[in-house]
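Only one structure is covered here, and it is reproduced in the block below.
Derivation of every value follows stated rules applied to the coordinates shown; laboratory data play no part. Being a predicted model, the structure only gives us computed values, none of them experimental. Glycine gets a Cβ as well: all are built from the backbone with ideal geometry, and neighbour counts include every protein chain shown.
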Amino acid sequence: MPTTSSSCVYDCIVVGSGNAGSCAALSAKDSGCARVLIVDKCSPDWVGGNGYFTAGAHRTVHDGLHDLLPIVCNVEAGSNLASKIDMDPYTAADFTNDILRLGDGRSDPALVRTVVENSRETIQWLHDRVNMSFTFSFNRQAYLVDGRQKFWGGMVLSTEEGGKGVIAAHQAALKEAGIEVWFDTPVTELITEEAVILASGGYEASRALRGKYLGSEWEQAKVRGTPHNTGDGMTLAQAVGARLTGDFTGCHSTCWDFDAPDDTGDRQLSNQYTKSGYTLGIMINADGMRFVDEGEDFRNYTYAKFGKEVLKQPGGFAWQVWDSRTTPWLRKEEYSDDVVRKVWADSVEELAEKLAADGLWNTTQFLNTMKSYNDAVAAFSQESASTKWDPAVKDGLSTQSSAKQLLLPKSNWALPISSPPFLAVKITCGITFTFGGLAIDPETAGVLLDKTGKSIPGLFCTGELVGGLFYGNYPGGSGLTAGAVFGRKAGIEAGKVGQ
Ligand SMILES: Cc1cc2nc3c(=O)[nH]c(=O)nc-3n(C[C@H](O)[C@H](O)[C@H](O)COP(=O)(O)OP(=O)(O)OC[C@H]3O[C@@H](n4cnc5c(N)ncnc54)[C@H](O)[C@@H]3O)c2cc1C
């Protein structure tokens with residue numbers, strides 16, 4: 001991609017109109033690049049890449065409620081609501097530890113340090129410069145327990161209108177800054193005369209590359225977001241000698257509506273196809289077996305790896321199952337009647353029969369699984385009567401007692417599933433983004449040459465295309481923050497090119 005055209009000259013060209021690319025473009029403009037251009041291969045109605053499909057969740061280091069109140073628009077300081085919020089600080093050590101422990105210590109520590117140390121300042125920049133409308137994420141990250149909004153899982157910020165709001169804010173800021181966006185413009189070659197910032201996402205929307213790197217079963221995974229992230233950035237950068245790095249056998253994937261489209265996200269329902277209510281119930285496959293510890297950790301520490309587990313099941317699907325105790329706690333945006341196909345039944349036998357018509361082939365095992373789960377829960381509560389169900393903490397309410405243990409435990413939030421009506425929802429695996437990508441300098445976001453490990457002059461990278469940050473799993477809300485952190489850095493460095 002030349003940074004010149006017959007009619008105009010650009011100081012910086014950004015490839016990709018998502019969150020990371022938009023941050024990079026604005027930062028480049030503010031850092032002295034007089035003319036900045038964003039190019040995207042999508043049509044205008046697909047602007048924003050995966051950023052559009054997000055829930056707008058942003059993970060950041062913070063000092064507790066008082067630190068973030070000034071930047072959120074849904075709670076006022078001193079209000080009655082503010083007085084009912086319990087929100088622990090989330091320290092740099094917490095954030096660092098979350099990325100490292102979920103990645104089994106494989107993440108590049110320098111990349112992690114950069115994201116963590118710049119996270120809070122970058123959130124402030126998004127608020128002040130991009131005019132991002134942050135909210136406290138009551139619906140996703142807090143439970144109302146004993147009259148108090150208790151936040152859990154380290155992540156508290158979302159945005160008004162989720163990802164749609166994120167991209168609308170970026171578009172407005174880019175327009176105001178005079179940054180052009182060319183759509184229907186796929187980049188096919190890199191010729192860096194000035195600065196080029198690659199922000200063209202991962203390869204999750206390419207069946208061929210999923211098959212090549214992740215394994216043939218991944219060809220069947222559904223795409224949760226844009227159909228345009230087909231690994232072009234990797235190919236383009238490799239052609240100029242860039243180094244690949246990171247987890248090429250891993251990706252972010254979630255429990256996803258079985259009835260969602262196959263190869264693309266849906267701009268209307270968007271993230272509502274996510275099905276993250278498994279901590280409130282159990283998941284059972286077509287063999288009638290459970291296959292993960294649904295209560296292993298808070299949802300936002302397990303959801304990004306459970307898609308892979310669903311894909312491994314016979315047929316690549318499963319059901320989430322609840323009873324009347326927990327169905328009222330399911331998130332409306334994911335489980336309301338107009339969003340998902342529900343199977344209701346007045347008994348477990350009836351439920352098994354109905355699911356048999358939809359792919360459950362071992363109803364006997366399904367009933368056995370339900371019974372042994374309920375027996376184990378009952379044995380635990382007999383032994384530990386003082387342990388109370390609390391979805392806002394890891395409550396230790398489990399299937400494991402001295403009297404009875406399951407081979408596959410449910411470690412927290414293990415309520416019986418015995419009170420009709422019963423509800424089941426069919427799920428499959430939705431792929432979000434891929435973890436392997438380009439090696440960058442953590443300070444400058446410069447793309448590294450494979451041969452020397454030195455930065456390629458004028459070439460930078462941010463967002464999903466960066467490799468080495470996440471391995472195997474991912475703490476929810478880190479992608480938008482990481483893309484913004486490296487986008488800002490790339491923009492600042494682009495401003496230095498040619499000076
Ligand atoms: C359903 C869903 C929910 C999510 N929720 C969250 C969340 O709440 N919080 C969070 O932190 N993360 C979330 N994520 C992850 C998040 O979307 C990404 O981490 C982040 O948006 C990546 O930004 P990006 O700019 O790198 O890529 P994208 O936003 O995907 O942008 C890449 C752009 O590059 C363009 N492109 C590709 N190839 C070319 C080419 N050859 N030429 C020109 N343009 C090209 C694409 O068309 C696309 O517009 C979610 C993702 C999905 C799919």
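Observations on the model:
- With a simple spin-label model that places each label point 7 Å from the Cα along the Cα-to-Cβ direction, the separation between residue 191 and residue 139 comes to 4.8 nm.
- Based on Cα contacts under 8 Å between residues 6+ apart, region 1-106 shows a relative contact order of 19 percent.
- Amide hydrogen neighbours beyond the local backbone of residue 135, cut-off 5 Å, H modeled: 73, 158, 159, 160
- Neighbour-limited loop hits for GluC sites (Glu not before Pro), region 71-152 (at most 13 other Cβ within 10 Å; DSSP other than H, G, I, E, B): 76
- Ranked by how many other beta carbons lie within 10 Å on average, peptides 98-110, 216-228 from highest: 216-228, 98-110
- When both bridge partners sit in the chain, DSSP labels roughly 65% of those beta bridges antiparallel.
- Between helix 162-176 and the chain: long-axis angle, C-alpha atoms, 0 to 90°, nearest 10: 10
- Here is how the number arises for the chain: DSSP H runs of 4 or more residues each give -39500 (n - 2.57), the sum is divided by the residue count, and the result at 222 nm is -8500 deg cm²/dmol.
- Working from Cα pairs under 8 Å separated by at least six residues, relative contact order for region 343-444 is 29 percent.
- For region 25-60 versus region 276-315, the inter-centroid distance based on Cα atoms is 33 Å.
- Taking 18 Å as the cut-off, the amide N atoms of region 411-433 that come nearer than this to a point 7 Å along the Cα-to-beta-carbon line of residue 389 belong to 411-425.
- Taking amide H as placed 1.01 Å from N in the peptide plane, the amide H of residue 432 sits under 5 Å from that of 252, 253, 254, each at least 5 places away or on another chain.
- Partners of residue 305 within straight-line reach, counting lysines whose Cα lies under 25 Å from its Cα and excluding those fewer than 8 residues away in the same chain: 150, 164, 212, 222, 275, 332, 342, 394, 410, 426.
- Amide N of region 154-195 lying under 11 Å from the label point, which is placed 7 angstrom from the Cα of residue 9 along Cα→Cβ: 194
- The chain, relative contact order [Cα under 8 Å, separation at least 6], %: 25
- Residue 418 versus residue 86: modelled label distance in nm, points set 7 Å from Cα along the beta carbon direction: 2.8
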